[in-house]
Amino acid sequence: MRKKVIAANWKMYKTSKETKEFCQKLSQLLAVPEAVESIIFAPFTALAALKEGLAGTNVAIGAQNFYPQDEGAYTGEISLNMLKEFGVSYVLIGHSERRGIFGESDELIKEKLRKALAGGFKPILCIGEAWEIREKGEALAYCLKQLESAFNDLSAAEVQKVIVAYEPIWAIGSGKSATAEDAEEMLKGIRQYLNNNFGAEIANEMPLLYGGSVKPENIAQFMQKENIDGALIGGASLKAESFSQMIRFREMQK
Ligand code: PGA
């Protein structure tokens, strides 16, 4: 059975102090079920507090960004080696805010994916279309193009280590999530693409996530779908209570 993945993307929220408070609350609320992989993608400056605060739990630490070089004259950037010190095991790659606001190209995303895999990190690769593309009925074709570009010349063994998150841009931070049916249809198409290009084993084993206005009130609808194995959550992950509720999504099904 595929692992369930519940990931928090804190974006540019939380100081170290706020992170400490979050972790204290979370540890009172939480026992992560065995079959759920939970991850918090925190800002760089909160990683030390997160590492300390999550010690002894099975919540993994993720970084929202990195630059794909070991070291060098890259003012303002952070390398994977630097992240290792903070217990980071996951990295987010290709988030639409990085693509859109910071102009990350398909080329850079590809490079970051390779670097993360070579460094033994677990990447969550984000893809997703804008509303105009969905309106034209081209959402799946667009997302598959993003995938093709990122996976281009990766071996099957490398692809196997990636988690894909489908995050329609219009659903992010908008309060207007995709319907569970639309998300399922997209992830089904993505699984089909994986099957055609990398074989049944990889297609069946890769956890596929949905992201975009997921919250405790709607998470169960998504998690019930055959091809949705988890969620990448922004706004609703900032409170320990709601993040822990979503980790225990099975209890939210009633
Ligand atoms: P949201 O963000 O849950 O606030 O819509 C999701 C994301 O950007 O990963």
>> Give me, ordered by chain and number, the residues 5 or more places off Ala165 or on other chains with an amide H under 5 Å from its own placed amide H.
In response: Leu125, Cys126, Ile127, Leu209
> Expressed in nm to one decimal, what extension gain is obtained for the pair Arg2 and Glu52 from 0.36 nm per residue of sequence separation less their Cα-Cα distance?
Replying inline: 15.1 nm
>> Order 116-127, 19-30 from most to least packed using the mean count of other Cβ atoms within 10 Å.
In response: 116-127, 19-30
> What FRET efficiency comes out for the pair Ile78/Glu251, r = Cβ-Cβ distance, R0 = 35 Å, nearest 0.05?
Replying inline: 0.45
>> Taking the number of other C-beta atoms within 10 Å as the exposure measure, put Asp106, Asp70 in order starting with the fewest.
In response: Asp70, Asp106
> Short version: what are the Cα gyration tensor semi-axes of the stretch 70-151, square root of 5 times each eigenvalue, largest first, in whole Å?
Replying inline: 27, 13, 11
> Could you put Val5, Val214 in order, starting from the residue whose Cβ has the fewest other Cβ atoms within 10 Å?
Replying inline: Val5, Val214
>> Using a 7 Å offset from the Cα along the Cα-to-Cβ direction at both Ser149 and Gln28, what is the distance between the two label points in nm, to one decimal?
In response: 4.6
> So which aspartates and glutamates pass the test for Lys20, namely a Cα distance under 15 Å, with those fewer than 8 places away in the same chain ruled out?
Replying inline: Glu52, Glu241
> Gln69 to Phe44: extension gain in nm, 0.36 nm per residue of separation minus the Cα-Cα distance?
Replying inline: 7.3 nm
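Taking 0.36 nm per intervening residue step and subtracting the Cα-Cα distance, what contour gain separates Lys136 from Glu85 on full extension?
Here the answer is 13.8 nm.
Just so you know, all these numbers are worked out from the coordinates, no wet-lab data involved. Everything numeric here is computed off the predicted structure, so don't read it as measured data. Methodologically, a virtual Cβ is constructed for each residue, glycine included, from the backbone with ideal geometry; neighbour enumeration extends over all protein chains shown.
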